[in-house]
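Undergrad: One structure is given below, represented as structure tokens, and several questions about it will come after.
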Amino acid sequence: MSDIKKKTQSPMAVFFNGLVKENPTFVLMLGMCPTLAVTTSAINGLGMGLTTTAVLVLSNAIISLLRHVIPNRVRIPAFIVIVASFVTVVELLLEGFIPSLYAALGLYIPLIVVNCIILGRAESFASKNPVILSIFDGLGMGLGFTAALTVIGAVRELLGAGELFGIPVINRALAAVSGLIGRAEPLEYVPISIFVLAPGAFFVLAALTALQNRVKRKLEEKGHSADKIQSGCSTDCAGCSDSGCARRFMDVDAAPGAVGSVPDKSEDKDKALRDGAEKE
């Protein structure tokens with residue numbers, strides 16, 4: 001299957017899949033911890049998304065380069081070491097050059113190491129595809145994650161503080177409206193503080209996901225297919241009946257009988273045939 005994908009997929013198609021069709025937040029529902037925790041403002045969402053994108057692109061590239069070198073049975077620890085190395089570099093750069101963003105993101109920067117988006121793309125895509133495709137996959141997934149976090153953060157910041165990227169846009173708009181209608185005292189926006197608290201993230205994410213589902217239904221009504229969610233293979237994992245996918249978590253080259261090895265039943269079949277012949 002991987003050989004077919006290498007021939008048919010183009011870099012732009014892979015990039016578009018990560019950005020829209022396989023958006024990690026709105027479609028695959030991955031990376032929910034940073035999505036809900038750091039999106040109290042648009043700048044925080046943008047910073048977290050771009051940080052994750054940098055780590056994702058670099059780790060995808062290195063993992064793809066080493067995909068024929070890393071032994072199958074230690075691939076997950078190897079992936080984590082590679083990702084952790086890039087996370088450390090990015091964390092030090094943020095601390096040195098953008099300390100305000102580093103302080104705002106806090107603990108969620110080192111937690112990028114175990115972000116299911118990065119490990120998921122390393123396992124399902126980068127370890128099975130060439131470097132160029134893996135880079136575009138990381139770029140698409142990362143920018144899709146960045147766009148989702150920025151939109152969620154912008155909505156929460158607007159409703160919860162009346163600001164956008166730290167600029168009081170709602171109060172400025174109300175002041176302009178007050179001047180047009182000849183009001184002596186300008187109108188003032190009262191922030192809905194719950195949107196900058198933890199429950200506000202759930203409200204905004206649910207509303208944006210519902211909006212996305214409505215758009216999908218409208219497309220389906222017009223005859224466009226929008227129900228196929230790709231997740232690193234060619235079908236929707238939630239409805240996939242291919243149990244063979246579980247084999248990627250086993251070590252096919254492990255010794256017979258070892259933990260994680262795929263049992264070889266050919267010897268059992270031969271023994272049964274010999275026993276039957278002897279009885280006859």
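Undergrad: Would you confirm, using the coordinates I've provided, whether Ile70 is in contact with a helix residue (DSSP H, G or I) (Cβ under 7 Å, 6 or more places away or on another chain), farther than 24 Å from Thr25 by Cβ and outside any helix (DSSP H, G or I)?
TA: When the stated conditions are applied, Ile70 passes them.
Undergrad: Continuing with this model, one more query. It is to be established whether one or more residues within the stretch 86-96 are in the same structural domain as Ala161 (by TED's automatic domain parsing), hydroxyl-bearing (Ser, Thr, Tyr) and over 30 Å from Val169 (Cα atoms).
TA: yes
Undergrad: Something else now. Is it true that Met29 is out of contact with any strand residue (DSSP E or B) (no Cβ under 7 Å at 6 or more places or on another chain), assigned by TED's automatic domain parsing to the domain that holds Cys116 and either buried (at least 17 other Cβ atoms within 10 Å of the Cβ) or on the phi < 0 side of the Ramachandran plot (or both)?
TA: no
Undergrad: Okay, moving on. Are any of the residues in the stretch 171-190 more than 30 Å from Ala104 (Cα to Cα), of a type in the set (D, E, K, R) and either more than 22 Å from the chain's Cα centre (by Cα) or surrounded by 12 or more Cβ atoms within 10 Å (Cβ to Cβ) (or both)?
TA: yes
Undergrad: Got at least one residue in the stretch 116-127 being more than 14 Å from the chain's Cα centre (by Cα), surrounded by fewer than 18 Cβ atoms within 10 Å (Cβ to Cβ) and over 29 Å from Gln212 (Cβ atoms)?
TA: No, that holds for no residue.
Undergrad: Further question on the same structure: In the stretch 191-214, what count of residues is obtained for those that are of a type in the set (Gly, Ala, Ser) and surrounded by 13 or more Cβ atoms within 10 Å (Cβ to Cβ)?
TA: 2
Undergrad: Please determine whether any residue of the stretch 12-34 is among the aliphatic types (A, V, I, L, M), modelled with pLDDT under 85 and more than 19 Å from Asn115 (Cα to Cα).
TA: yes
Undergrad: Ok, one more. Can you tell which of Thr35, Thr39 is of a type outside the set (Gly, Ala, Ser) and not in a helix (DSSP H, G or I)?
TA: It is Thr39.
Undergrad: Quick check: anything in the stretch 149-160 farther than 30 Å from Val69 by Cα and among the basic types (Lys, Arg)?
TA: yes
Undergrad: Identify, by number, the condition in (1) surrounded by fewer than 18 Cβ atoms within 10 Å (Cβ to Cβ); (2) farther than 30 Å from Gln9 by Cβ that Ile132 doesn't meet.
TA: (2)
Undergrad: Right, another one. When both residues are 6+ apart or on different chains and their Cβ atoms are under 8 Å apart, which pairs have a first residue that lies in the stretch 81-102 and is more than 14 Å from Asn115 (Cα to Cα), and a second that is part of a loop (DSSP other than H, G, I, E, B) and at pLDDT below 95?
TA: Pairs found: Val90/Ile109; Glu91/Ile109; Leu94/Ile109; Tyr102/Ile109.
Undergrad: A further question on this structure: Identify, by number, the condition in (1) closer than 30 Å to Ala103 by Cβ; (2) touching a helix residue (DSSP H, G or I) at 6+ places or on another chain (Cβ under 9 Å); (3) surrounded by fewer than 16 Cβ atoms within 10 Å (Cβ to Cβ) that Val81 doesn't meet.
TA: Of (1) closer than 30 Å to Ala103 by Cβ; (2) touching a helix residue (DSSP H, G or I) at 6+ places or on another chain (Cβ under 9 Å); (3) surrounded by fewer than 16 Cβ atoms within 10 Å (Cβ to Cβ), only one is false for Val81: (2).
Undergrad: How many residues does the stretch 171-228 hold that are of a type in the set (Ser, Thr, Tyr), within 17 Å of Glu157 (Cα to Cα) and out of contact with any Leu (no Cβ under 9 Å at 6 or more places or on another chain)?
TA: 1
The values are calculated or read from the model by the stated rules, or taken from the named source; none is laboratory data. Note that the structure is predicted; figures quoted are calculated from it, not measured. Heads up, the Cβs are rebuilt from the backbone with ideal geometry, glycines too, and the neighbour counts pull from every protein chain shown.
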